[in-house]
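Quick notes on the structure that follows.
No lab work stands behind these numbers, since they all come straight from the coordinates. As the structure is a prediction and not an experimental result, all values here were calculated from the model. Using ideal geometry, Cβ is built from the backbone for each residue, glycine included, and neighbour counts are taken over all protein chains shown.
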Amino acid sequence: MMGRLIAQNRAFAGALALFAALFVTYNLLHPRGFSSAVFVQNANEAVAIAFVAMAQTVPVLMRGLDLSVGAVMTLSACVASYLLTGSGLEISMGILAVLATGTAFGLMNGLIVVHGRLQPIIATLATGAIAIGLALILRPQPGGNVDGDLSWAMTNTVWDLADTYGIAGGGEAWWIRPFADIPMPLVLLFGVALLVWLPFKRTVTGRTVYAIGSAEGAAYVSGLPINRAKLAAFTLAGFFSACAGLYLALQTSTGNADTVQAGAYTLNSIAAVVLGGTALAGGIGGAIASIIGALILRVISFYFRILDIEPLLQPLIEGLVLLLAVSAGAWRTFAVKNRLELFR
Amino acid sequence: MTDAPIIALRGITKSYAGIRALEGVDFAAHRGSVHGILGENGAGKSTLIKIISGVVQPDAGEMRLDGQPVRFASPSAATAEGVVCMFQELSLIPDLSVADNISIAAPPRRMGLIDRKAQLRRAEELLARVRCEDLDPRMMVRDLSLSRRQMVEIAKALGRDPRVLILDEATSALTAEDVQTVYDLLGRLKAEGVTVLFISHRMNEVEALCDRLSVFRNGRHIETFAKGERTDAEIVRLMIGREVTAKYPPKPAPTARPPVLKVEGMEWEDALKGVSLTLGKGEILGVGGLDGQGQKELLLALFGVLKGVRGRVDLGGRRLPSSPIAAKSGEPRVALIPEDRKTEGLMLPLSIADNLVTAAFDRIGRSGVIDPARLEAAVKDGIARLQIKLGHPSDPVRTLSGGNQQKVVIAKWLMTDPDIILMNDPTRGIDVGTKQEIFRMMRDLADGGKSILFYSSDYAELIGCADRVLVLYDGRVVRELEGDAISEEAIVGASLNIGTAA
């Protein structure tokens with residue numbers, strides 16, 4: 001049972017092992033390693049890219065790329081910087097509105113790809129620019145107002161959440177003790193993964209996403225809903241990007257239409273997807289794997305803080321590590337017996 | 001057979017890009033029968049089942065299912081009506097598990113989500129029906145052998161409760177034991193009133209299984225008859241009987257030719273199982289047989305495209321080339337006119353001139369830089385040599401007709417001055433006039449000392465052109481024909497691997 005699981009998810013198992021090794025070593029080297037404070041800080045820095053990587057995963061599974069994920073994140077964060085304030089009800093509605101913004105944007109991407117018959121890569125390059133444009137109109141200068149309590153509660157531990165809102169005896173109830181030290185960002189991240197991604201994977205639509213990437217012709221003759229799956233994939237990408245934007249706004253308490261950051265998140269999302277073991281050719285992988293990929297990417301950058309590495313050298317080293325990690329996935333091509341298939 | 005047919009076609013016509021695939025076909029199959037469909041390559045069998053199963057829509061004509069007129073817009077519409085097809089090109093998704101694949105479009109669900117346990121049970125039940133209990137439904141399809149995949153495909157088709165089950169070459173990769181399982185299964189389905197349309201190139205299977213047979217030829221339904229009404233020889237004649245479509249240049253008298261290529265026991269994956277042949281200098285050696293018996297792989301192997309080829313190859317003193325670069329630049333030089341000119345032969349958006357010189361850059365350059373004068377001369381020479389009809393050499397090659405595109409492909413390879421030319425069905429989809437020019441050119445090349453290994457899916461071409469013909473079946477040479485022995489009866493008989501009919 002276990003053996004087959006590992007054999008069928010070799011890339012994922014490899015990514016998990018790499019992450020575990022990197023993270024444990026990092027904590028060993030860190031002067032305050034294995035402490036809750038370091039853990040919370042790390043989690044906070046990793047969540048946005050993890051959400052964007054999840055977003056990127058869904059189109060990649062269909063052999064497409066979504067170049068708008070970073071921009072949709074930025075747009076959502078700018079919307080959030082206006083709406084996450086006021087009464088509890090207002091904030092709740094605000095959160096829904098932020099998620100709806102990104103989701104609607106993803107749906108638009110899907111409609112363009114399915115009905116406009118455009119290549120995803122070029123369609124989303126254009127819509128990504130539109131998203132950034134809208135974000136710049138909303139926030140020409142960085143700014144905004146985010147509810148302080150919410151921001152604090154969501155970027156610290158479960159105990160802080162309970163303490164802030166006075167639930168579960170202010171965090172002292174016996175049943176919450178075992179979870180008290182878990183960082184809230186991770187709860188949000190894995191909560192969304194468990195409640196949205198895993199159920200989606202188990203629908204016919206979700207399975208069709210995999211089938212399209214694996215063999216679109218076979219998916220068609222098997223009578224699968226191909227257009228519905230493409231729409232759903234981009235919509236879901238928009239939703240996950242909105243989650244990232246929402247979190248970014250909570251973390252920074254501001255909205256900032258940062259074009260450079262949006263582009264960097266998009267490119268890093270592709271790297272995270274590949275590191276997690278999802279094939280760019282589609283059909284293999286998943287959003288959970290991409291979370292691991294995103295975590296690996298972040299841990300690598302954490303190392304620069306504790307090892308005395310010249311900041312100017314950081315991009316160079318990051319690139320080398322990435323290249324090394326991704327090369328491990330190229331072994332498959334050596335097994336191809338008909339060289340013409342390499343070009344198909 | 002007095003009841004109304006379960007499926008009936010009237011006047012079905014279908015063309016692809018101006019080429020008729022089916023013309024005015026009337027066809028009917030009855031409930032609880034196994035109906036065999038026979039025909040040569042390109043007779044229209046595949047188009048027929050694609051129309052019945054909703055993959056393509058007919059241009060004209062009517063289809064009735066159980067007396068009711070139907071028109072399937074997609075395979076899922078056909079499946080919903082109980083018309084299920086098992087395709088020759090497998091319809092399985094390699095990156096999903098066996099259980100996922102079996103219930104792909106309509107899995108058992110609980111609260112809207114796929115119920116994996118129920119799906120697993122269902123897969124186990126269906127696999128048991130095809131006696132594949134030993135197959136773990138949690139395996140990925142990509143990890144299965146071709147024969148296992150075909151069994152999964154059959155289980156998947158069964159799971160859709162078919163009223164009409166179409167098996168297109170369903171047994172081509174099966175082991176003898178699995179074939180027996182399929183026989184038994186078809187017997188049971190028949191008793192349950194299911195209609196099976198059975199397409200196979202294996203004559204003995206068709207005879208063992210089918211109650212009725214329909215022969216197709218050139219997109220037309222020729223005849224339907226009950227099993228036993230016709231002899232093998234008569235069936236073969238029904239399948240052939242067509243007018244001669246091209247004239248061929250006269251063949252020289254057979255002579256002893258020094259060999260330039262010797263292959264002994266060539267094996268590769270499941271496609272080649274010990275091919276041996278000798279190609280002489282100045283000879284046109286035809287390769288025949290039904291589609292997919294290893295002909296294409298043989299040519300690809302000789303051109304250095306395949307990895308892990310076993311067997312002995314003597315290519316004028318050297319071994320098998322390790323890549324197309326080695327093949328075209330060594331001594332003797334090898335060229336391959338590929339199967340699909342649109343993807344492997346040409347770069348469609350590039351100009352005719354650019355396409356002509358892609359294989360022979362080393363001949364028109366000086367230390368890696370293209371010499372414009374030599375380029376122009378080479379292009380002019382290529383166009384003149386094959387009399388390519390074109391507007392201007394700088395036009396994109398896709399603006400040419402199919403025949404002239406193929407001439408560009410041939411001219412491009414002749415520019416490398418090859419000694420051995422491998423041709424993979426070079427006249428597919430080409431008008432008769434161009435075909436004749438190509439045959440003329442092939443004979444001229446052979447007379448000039450070049451050697452040609454020529455695969456064609458059209459037997460008439462092999463008969464008209466080749467000095468000798470090898471017939472491949474299941475990855476082996478089953479027959480070698482020479483001189484007057486090259487006849488359509490002999491090739492078709494050997495292709496079906498039955499003793500020579502007539």
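For the reader, a short list of remarks on this structure follows.
- Under 12 Å from the residue B:444 label point (7 Å along Cα→beta-carbon), backbone N, region B:376-402: B:382-388
- Cα-based helix-to-principal-axis angle, B:372-386 vs chain B, degrees rounded to 10: 60
- Surrounding net charge for residue B:198, when Lys and Arg each add one and Asp and Glu each subtract one, Cβ distance under 14 Å: 0
- Under the simplified labelling scheme, the residue B:68-residue B:307 pair shows an inter-label distance of 5.2 nm, with each label point 7 Å from Cα along Cα→Cβ.
- In percent, rounded to a whole number, the relative contact order of region B:345-416 is 50, using alpha-carbon pairs under 8 Å and six or more apart.
- According to the Kirkwood relation over distinct C-alpha pairs, the hydrodynamic radius of chain B is 24.9 Å.
- Exercise: per-residue mean of other protein chain Cβ atoms within 10 Å, B:98-108: 3
- Considering helices alone, the calculated mean residue ellipticity of chain A at 222 nm is -23000 deg cm²/dmol, with DSSP H runs of length four and up weighted by -39500 (n - 2.57) and normalised per residue.
- For chain A: relative contact order, % (alpha-carbon pairs under 8 angstrom, 6 or more apart): 33
- Estimated 222 nm signal from helices in chain B, with DSSP H stretches of n ≥ 4 weighted -39500 (n - 2.57), rounded to 500: -9000 deg cm²/dmol
- Antiparallel %, DSSP beta bridges [both residues in the protein assembly as shown], to 5: 60
- Computed over chain B: relative contact order in percent, which uses C-alpha pairs under 8 Å that are six or more apart: 15
- In this structure, residue A:306 and residue A:36 have a Cβ-Cβ separation that, at R0 = 25 Å, corresponds to a calculated FRET efficiency of about 0.90.
- DSSP beta bridges in region B:7-240 [antiparallel fraction, %, rounded to 5]: 55
- Computed over neighbours whose Cβ is under 9 Å from that of residue A:209, the net charge equals +3, Lys and Arg +1, Asp and Glu -1.
- For the peptides A:134-145, A:310-321, B:385-396, residues were scored by their other Cβ atoms within 10 Å and the scores averaged per peptide; the highest-first order is A:134-145, B:385-396, A:310-321.
- Look at the dipole of region B:345-416 built from charges on Cβ: of B:358, B:392, B:405, the Cα furthest out on the positive end belongs to B:405.
- Checking every one of the trypsin sites (Lys or Arg not before Pro) in region B:238-311 against DSSP loop status and a limit of 16 other Cβ atoms within 10 Å picks out B:242, B:247, B:307.
- Applying 1/(1 + (r/R0)^6) with R0 = 35 Å to the Cβ-Cβ distance of residue B:270 and residue A:63 gives a FRET efficiency near 0.80.
- Residues of type lysines that residue B:251 reaches as a straight line, Cα spacing below 19 Å, ignoring anything fewer than 8 places off in the same chain: B:281, B:435, B:450
- Averaged over peptide B:73-86, the number of partner chain Cβ atoms lying within 10 Å of each residue's Cβ comes to 2.
- Under-5 Å amide H pairs with residue B:289, H placed in peptide plane, nonlocal only: B:472
- Charges were assigned to the Cβ only: +1 to each Lys and Arg, -1 to each Asp and Glu. The resulting dipole of chain A about its Cα centre is roughly 1560 debye.
- Legend: helices of chain A (whole DSSP H runs) are marked when their alpha-carbon atoms reach 24 angstrom or more along the helix axis and their mean Kyte-Doolittle hydropathy is at least 0.5; marked are A:10-29, A:36-61, A:88-115, A:120-138, A:226-252, A:259-276, A:287-306.
- Residue separation of residue B:220 and residue B:369 scaled by 0.36 nm, minus their Cα-Cα distance, works out to 48.2 nm of gained length.
- Residue A:89 versus residue B:399: modelled label distance in nm, points set 7 Å from Cα along the beta carbon direction: 6.9
- Packing rank of B:365-372, A:65-72, B:96-103, where each peptide gets the mean count of other beta carbons within 10 Å, highest leading: A:65-72, B:96-103, B:365-372
- Residue ranges B:491-497, A:274-280 sort as A:274-280, B:491-497 when ordered by packing (mean number of other C-beta atoms within 10 Å per residue, highest first).
- DSSP-defined beta bridges in region B:285-427 - what % are antiparallel, rounded to 5: 50
- Once backbone amide H atoms are built at 1.01 Å from N, residue B:303 has no partners under 5 Å, excluding neighbours fewer than 5 places away on the same chain.
- Helix B:146-158 and the long axis of chain B differ in direction by around 40°, with both axes built from C-alpha atoms.
- Electrostatic bookkeeping for residue B:365 treats Lys and Arg as +1 and Asp and Glu as -1; over the other residues with beta carbon under 14 Å from its beta carbon, the sum is -1.
- In this structure, the amide hydrogen of residue B:423, modeled 1.01 Å from its nitrogen in the peptide plane, lies closer than 5 angstrom to those of B:337, B:453, B:454, B:455, counting only residues at least 5 positions away or on a different chain.
- Separation between Cα centres of region A:1-71 and region B:241-320, rounded to whole Å: 53
- For the pair region B:70-117 / region B:321-389, the C-alpha centres are spaced 46 Å from each other.
- Approximate spin-label separation residue B:10-residue A:314, in nm, with each point projected 7 Å along Cα-to-Cβ: 7.7
- Across peptide B:305-312, the mean count of Cβ atoms from other chains lying within 10 Å of each residue's own Cβ comes to 3.
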